[in-house]
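A.B. asks: Before anything else, here's the structure in question.
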Ligand code: NDP
């Protein structure tokens, strides 16, 4: 008998006492493994996540979590051959496996990098800017994001056993939330193997990842308002989860990514001889055949201008004829098997439903030629292209989760948009056009119905990642039928797991809470210039109050001549007098900023290594000849870099004039040595 998959629960591997259900190789029908979660203590898993995994994760900063993810990504990448070898049993070709395995590991890398670059080396994130709530500035408000002391349950579909897990794990992990992953049973042997390698590596804090192999049973009963469920799968199961009392009344957050009838629209401008025509055909065929069409983003509806529909059908038929179908172990095979015979039955049923209003123009759901493989025991299905009758309803309602697409014709851009919208909300649409007017009107029409829109033309085609690839930095999810959930999208996905809270306080207490100096909070002026202090010595609130400097007309003229910025407001007294904002010659904003640098700098070699930019620069009051300016520079934020012997220091800079009015405000960004 083959192995019984185990669950990783509460710090150890759990093996069910029964024999479990057999999981069959998609192409050969041989048993790969068995699965059962009978006897698994789900309450103990949730407790372990809350009491062990969560605290361990939240004791790390975002940067520390990000480096754990990076180390994990490297580790998995180094051992990926083993995943490829097992993945073939899911029916996947090498190309399909790359999407799942490399795509999943790539997502880890991407979140690791974003976590380091876009999140602070801290455990909270500030949201938006400071709000002054009182007259004097003694009462201010700031939104902050904090980690929730809960658990992230992730229920995945069978089609991406690796990517599905990693794309949900990475953002939850960064957010400080421990994960319990529940892969779809059909392909859980691959997820189990990857989890085994993750646990063995010891790279993630204990308790931050647990695995359920088999049914989720009563897992949702254990969840409360700090917990969340991210689900990918069928609308039917999504409906069951939505109706769970924990979700309806208990405040458990549920994110759903379910069925989606994605479309690709060929623009009305495209002629058969245009490069866009070929791009369109290639895109549709790729989406029909990668993963044998078992992708939530696959193109189910091919929406084309009626005048060109015949040529589109012919071109699709010709290209589909080249798709060899069979056992994915054969390198000549372009498209492997569906995940199971059960899935093939489901697709055949969906095709029968589509036939109520569409005719099959390419392929045979019960026949078709295989290059290799057992047509009875393997879940093979050759690609099927249908043509919808005008006004057909089914193509907009029925999701055949396999290599199946339907051609639907339109006349005029409005009809194309209306047809796309009949999918009632989808993950992704592509529009293949080279016409800027078509691009704008179609994208604006599609956007409310879609989570992502790809505009494809001759200019972006070479670099395009394609219709079907969700990217870590872009949101994945769609409204309506697609579930209404949102995953990925860079740091958005991390914040999605966190709680936003508005904090109202005095500037000093707010500084204590956020670890970032707040306007109005105490400033410490000491004899030693802060540029003489290393990162270890600098403190939030350390301040330089500069001497003053009078800006003369000669300064302004010199700067104009020296830089070549002879804009009339700095050089032509008569013209400047007519300027409604200035009423006379004013100093260049960059002169003011340069003079301010001259006022606050401490010039000798020391721990400050570089000035790498300014943020949020605003010129507030014009500086006229003979105005006297001064600058106050305060340490606002200190971010040591884990991977370097220096860190970033953000300084609050305020330049004022002789009346105390703010002339310019900005943040100065420097790199400062740790010691
Ligand atoms: P399911 O909805 O049946 O299963 C998805 C996941 O939910 C699996 O992990 C499954 O576990 C789990 N699950 C099932 N019932 C429950 C429950 N009551 N409580 C908690 N978890 C549960 O979808 P499938 O993966 O079987 O796919 C079926 C169909 O869903 C496809 O044919 C396709 O139409 C659609 N689908 C859509 C996707 C999309 O993103 N658009 C992606 C994948 C599928 P187990 O496997 O152990 O039952």
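Taken together, the values in this text are just the output of simple stated rules run on the coordinates, not laboratory data. Keep in mind the model is a prediction, meaning the values are calculated, not measured. Every residue, glycine as well, gets a Cβ built from its backbone with ideal geometry; the counts of neighbours run over all protein chains shown.
A.B. asks: Tell me, 567, 559 in order of fewest to most beta-carbon neighbours within 10 Å? Spell out each step's value before the answer.
C.D. replies: Numbers: 567 12, 559 20.
Ascending number of Cβ neighbours within 10 Å: 567, 559.
A.B. asks: Looking at segment 478-573, what % of the alpha carbon pairs are farther apart than 17 Å? Let's see the in-between values first.
C.D. replies: Working: 3425 of 4560 pairs.
That fraction is 75 percent.
A.B. asks: Using a 7 Å offset from the Cα along the Cα-to-Cβ direction at both residue 38 and residue 615, what is the distance between the two label points in nm, to one decimal?
C.D. replies: 5.7 nm
A.B. asks: Over the alpha-carbon set of segment 624-675, work out the extent along each principal axis and list the three values in angstrom, largest first.
C.D. replies: 47, 15, 14
A.B. asks: A further question follows. In nanometres, what is the gap between the two model label sites at residue 31 and residue 355, each 7 Å from Cα along Cα-to-Cβ?
C.D. replies: Label-label distance for residue 31 and residue 355, simple model: 3.5 nm.
A.B. asks: Same structure, new question: I need 167, 31, 394, 399 ordered by Cβ neighbour count within 10 Å, fewest first.
C.D. replies: Working: 167 27, 31 13, 394 18, 399 24.
Neighbour counts put them in this order, fewest first: 31, 394, 399, 167.
A.B. asks: Please give the Cα centre distance for segment 464-486 versus segment 108-140, rounded to the nearest Å.
C.D. replies: Here the two parts' Cα centres lie 26 Å apart.
A.B. asks: What percent antiparallel are the DSSP beta bridges of the chain, to the nearest 5? Working shown, then result.
C.D. replies: Details: 62 of 104 bridges.
Approximately 60 percent, going by the DSSP bridge assignments.
A.B. asks: State whether segment 52-203 is rounded, prolate or oblate according to the following rule on the C-alpha gyration tensor (a ≥ b ≥ c being the square roots of its eigenvalues): a/c under 1.5 gives rounded; otherwise a/b larger than b/c gives prolate, and the remaining case gives oblate.
C.D. replies: Working: a/c = 2.60, a/b = 2.52, b/c = 1.03.
Prolate shape, in that a/c is at least 1.5 and a/b is the bigger ratio.
A.B. asks: Mind giving me the nanometre distance, one decimal, between the label points for residue 240 and residue 447, set 7 Å out from Cα along Cα→Cβ?
C.D. replies: So the label points at residue 240 and residue 447 sit 3.8 nm apart.
A.B. asks: Also: What translational diffusion coefficient, in µm²/s and rounded to a whole number, does the Stokes-Einstein relation yield for segment 166-249 at 4 °C and a viscosity of 1.567 mPa s, taking the hydrodynamic radius as the Kirkwood radius over Cα pairs? If you can, show how the numbers build up before the last one.
C.D. replies: Working: Rh = 14.1 Å.
Taking Rh from Cα pairs, D becomes 92 µm²/s.
A.B. asks: Just need the Rg to Rh number for segment 20-59, please, alpha carbons only, Kirkwood Rh.
C.D. replies: Values: Rg = 16.9 Å, Rh = 12.8 Å.
Dividing the radius of gyration by the Kirkwood radius yields 1.32.
A.B. asks: Here's another thing I want to ask about it. Could you work out the relative contact order of the chain? I mean the mean sequence separation of Cα pairs under 8 Å and 6+ apart, divided by the number of residues, in percent.
C.D. replies: On the way: 1540 pairs, mean separation 84.1, N = 675.
Averaging sequence separation for qualifying contacts and normalising by length gives 12 percent for the chain.
A.B. asks: While we're here: Which semi-axes, in whole Å and largest first, does the equivalent ellipsoid of the chain have when worked out from the alpha carbon gyration tensor as the square roots of 5 times its eigenvalues? Intermediate values should be presented prior to the final figure.
C.D. replies: On the way: eigenvalues 587, 232, 87 Å².
Semi-axis lengths for the chain are 54, 34, 21 Å.
A.B. asks: Hey, another quick one. Taking Cα atoms of segment 132-199, Rg/Rh with Kirkwood Rh, to two decimals? Working shown, then result.
C.D. replies: Details: Rg = 19.1 Å, Rh = 14.3 Å.
Rounded to two decimals, Rg/Rh equals 1.34.
A.B. asks: Nearest 10 degrees is fine. How inclined is helix 341-354 to the longest principal axis of the chain, computing both from alpha carbons?
C.D. replies: For helix 341-354, the angle is close to 90 degrees.
A.B. asks: Under 25 °C and 0.890 mPa s, how fast does segment 60-125 diffuse according to Stokes-Einstein, given a Kirkwood radius computed over C-alpha pairs? Answer in µm²/s, whole number.
C.D. replies: Values: Rh = 12.8 Å.
My calculation gives 191 µm²/s for D.
A.B. asks: Angle check, please: helix 103-118 long axis (alpha carbons) against the longest principal axis of the chain (alpha carbons), in degrees 0 to 90, nearest 10.
C.D. replies: Tilt of helix 103-118: around 10 degrees.
A.B. asks: Same structure again: Under the classification rounded if a/c is under 1.5, otherwise prolate if a/b is larger than b/c and oblate if not, where does segment 323-436 fall, given a ≥ b ≥ c as square roots of the Cα gyration tensor eigenvalues?
C.D. replies: On the way: a/c = 2.40, a/b = 1.80, b/c = 1.33.
Prolate is the answer for segment 323-436, as a/c is 1.5 or above and a/b outweighs b/c.
A.B. asks: Between the helical axis of 163-174 and the dominant principal axis of the chain, each derived from Cα atoms, what acute angle in degrees is found, rounded to the nearest 10?
C.D. replies: 30 degrees
A.B. asks: Quick one: pull the percentage of alpha-carbon pairs in segment 581-636 with a separation above 13 Å. Numbers along the way, then the final one.
C.D. replies: Values: 1082 of 1540 pairs.
Result: 70 percent of Cα pairs exceed 13 Å.
A.B. asks: How large is log10 of I(q)/I(0) for segment 1-105 at q = 0.15 Å⁻¹ when the intensity is taken from the Debye formula with one equal scatterer per alpha-carbon?
C.D. replies: -0.93
A.B. asks: Relative contact order of segment 597-675: what whole-number percent is it, with Cα pairs under 8 angstrom and at least 6 residues apart? Don't skip to the answer; put the middle values down first.
C.D. replies: On the way: 160 pairs, mean separation 30.9, N = 79.
It rounds to 39 percent for segment 597-675.
A.B. asks: Shifting gears a bit: If you take every DSSP beta bridge whose two residues both sit in segment 337-475, what share of them, in percent to the nearest 5, is antiparallel? Numbers along the way, then the final one.
C.D. replies: Details: 4 of 14 bridges.
Around 30 percent of the beta bridges assigned by DSSP in segment 337-475 are antiparallel ones.
A.B. asks: Where the centroid of each part is defined by its Cα atoms, how far is segment 230-252 from segment 506-576 in Å?
C.D. replies: Between the Cα centres of segment 230-252 and segment 506-576 lies a distance of 54 Å.
A.B. asks: Within 10 Å of each residue's Cβ, count the other Cβ atoms and sort 498, 473 from fewest upward. List each step's numbers first, then the result.
C.D. replies: Working: 498 20, 473 15.
With the sparsest Cβ surroundings first, the list reads 473, 498.
A.B. asks: When all C-alpha to C-alpha distances in segment 421-560 are sorted into bins of 5 Å, what percent of pairs does each bin hold, rounded to whole numbers?
C.D. replies: The distribution over segment 421-560 is 2, 8, 10, 10, 9, 8, 7, 7, 8, 11, 12, 7, 2, 0, 0, given as percents.
A.B. asks: Residue 522 to residue 602: extension gain in nm, 0.36 nm per residue of separation minus the Cα-Cα distance?
C.D. replies: Working: separation 80, 0.36 × 80 = 28.80 nm, distance 2.23 nm.
The span from residue 522 to residue 602 would gain 26.6 nm if fully extended.
A.B. asks: Say a paramagnetic label sat at a point 7 Å from the Cα of residue 502, along Cα to Cβ; which residues of segment 135-168 have their backbone N under 13 Å from it?
C.D. replies: 140-144, by backbone N distance to the label point.
A.B. asks: When a/c is below 1.5 the answer is rounded, else prolate if a/b is larger than b/c, else oblate, so apply that to segment 211-250 with a ≥ b ≥ c taken from the square roots of the Cα gyration tensor eigenvalues.
C.D. replies: Details: a/c = 1.76, a/b = 1.13, b/c = 1.55.
Oblate, because a/c is 1.5 or more while a/b does not exceed b/c.
A.B. asks: As an exercise, use a Förster radius of 35 Å and the Cβ-Cβ distance of residue 113 and residue 133 to find the FRET efficiency, rounded to the nearest 0.05.
C.D. replies: Working: r = 37 Å, r/R0 = 1.04.
Efficiency, rounded to the nearest 0.05: 0.45.
A.B. asks: Follow-up. Please give the contour-minus-distance gain from residue 548 to residue 143: 0.36 nm per residue of separation, less the Cα-Cα distance, rounded to one decimal in nm. Could you put the intermediate results ahead of the total?
C.D. replies: On the way: separation 405, 0.36 × 405 = 145.80 nm, distance 3.58 nm.
Using 0.36 nm per residue and subtracting the Cα-Cα distance, I get 142.2 nm.
A.B. asks: Grab the Cα-Cα distance for residue 568 and residue 375, subtract it from 0.36 nm times how many residues apart they are, and report the gain in nm with one decimal.
C.D. replies: Values: separation 193, 0.36 × 193 = 69.48 nm, distance 8.04 nm.
Result: 61.4 nm gained on full extension.
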